[in-house]
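Some notes on the structure that comes next.
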Amino acid sequence: MPTSRRIFTVFLASPSDVETERGTAENVVDIVNKSVANRVGWHIDLRRWEDMPPSFGRPQDSINPLVKECDLFIGLLWERWGQPTGIYSSGFEEEFELAKARRRSDGVPEIWLTFKDVDLSKMKDPGKELTKVIEFRESQIRLAEVTFKRIKDAQDWTEKLRSWLTEYILDFASQHPEIKQQAIAASVLSFTDTGAA
């Protein structure tokens with residue numbers, strides 16, 4: 001039987017201070033799958049660090065394989081930089097560097113960066129964590145490797161992520177038209193089998 005859908009894997013990298021946005025990302029992916037992705041022969045699979053089971057060893061070693069197999073890497077930062085991994089200053093930094101290295105060598109994954117707006121009062125005395133986020137954002141401006149976007153809050157993130165994912169999966173599917181044909185063939189075969197029964 002032909003494959004009805006192909007999996008498009010998205011990895012969401014961010015510290016825990018954007019817990020709300022991480023949760024709504026799952027809802028957004030659900031909506032985009034039902035409204036668009038499944039219809040064009042693809043299924044978006046969202047992967048996050050909190051979905052990993054417990055394991056022995058350096059925690060980041062369990063998360064990095066998700067970055068190594070994703071089609072789209074989404075980085076989301078707000079006020080926290082995250083915990084050191086023993087190799088990098090944070091899990092986010094290690095994941096981002098791994099995604100960039102893959103992109104340079106293999107041409108994948110696509111990389112999106114998003115920064116949630118910080119209250120101006122916190123910018124006067126940002127502290128260690130926020131200072132690292134600010135420095136990282138400024139380094140991205142200097143390097144001009146990855147274009148980033150800003151979001152105001154969880155609602156803005158939800159609306160923008162839905163729009164971005166919908167547009168991207170439609171563009172991606174148009175570059176892989178054979179997948180849609182397989183999905184149509186699988187649907188016809190399934191309908192025929194059901195009718196014959």
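The values are calculated or read from the model by the stated rules, or taken from the named source; none is laboratory data. Note that this is a predicted model, so its numbers are computed, not measured. Note that each Cβ is placed from the backbone with ideal geometry, even for glycine, and that neighbours are counted across all protein chains shown. In case anyone asks, the SASA skips ligands and DNA or RNA and just uses the protein heavy atoms, side chains included. Shrake-Rupley method; radii C 1.70, N 1.55, O 1.52, S 1.80 Å.
Okay, here's what the table says:
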| item | result |
| --- | --- |
| Surface/4 of the Cα convex hull for segment 87-144, nm² | 4.8 nm² |
| Crossing angle, helix 19-35 versus the chain [Cα axis fit, 0-90 degrees, rounded to tens] | 20 degrees |
| Crossing angle, helix 91-106 versus the chain [Cα axis fit, 0-90 degrees, rounded to tens] | 50 degrees |
| Exposure rule at most 14 other beta-carbon atoms within 10 Å, DSSP loop trypsin sites (Lys or Arg not before Pro): the chain longest free segment | 1-123 |
| Rel. contact order, % - alpha carbon contacts under 8 angstrom, at least six apart, the chain | 31 percent |
| Per-bin percent of Cα-Cα distances, the chain [10 Å] | 8, 31, 33, 17, 7, 3, 1, 0 |
| Difference of contour (0.36 nm per residue) and Cα-Cα distance, ASP45 to LYS149 | 35.2 nm |
| Heavy-atom accessible surface of segment 1-52: percent carbon and sulfur, 1.4 Å | 46 percent |
| Euclidean distance of C-alpha centroids, segment 1-65 and segment 74-98, integer Å | 18 Å |
| Where the chain is the region considered: accessible area per residue in Å², 1.4 Å probe | 56 Å² |
| Given charges at beta-carbon only (K, R positive; D, E negative), |dipole| of the chain in Debye | 280 debye |
| Over the chain: helical MRE at 222 nm, DSSP H runs n ≥ 4 each giving -39500 (n - 2.57), nearest 500 | -17500 deg cm²/dmol |
| Dimensions in Å of segment 75-175 - Rg and Dmax from alpha carbons | 15.0, 47 |
| The chain: angle of helix 177-196 to the longest principal axis, Cα-based, in degrees nearest 10 | 50 degrees |
| Surrounding net charge for PHE92, when Lys and Arg each add one and Asp and Glu each subtract one, Cβ distance under 10 Å | -2 |
| For the chain, with +1 on Lys and Arg beta carbons and -1 on Asp and Glu, the positive-most of VAL108, ALA13, VAL118 along the dipole | VAL108 |
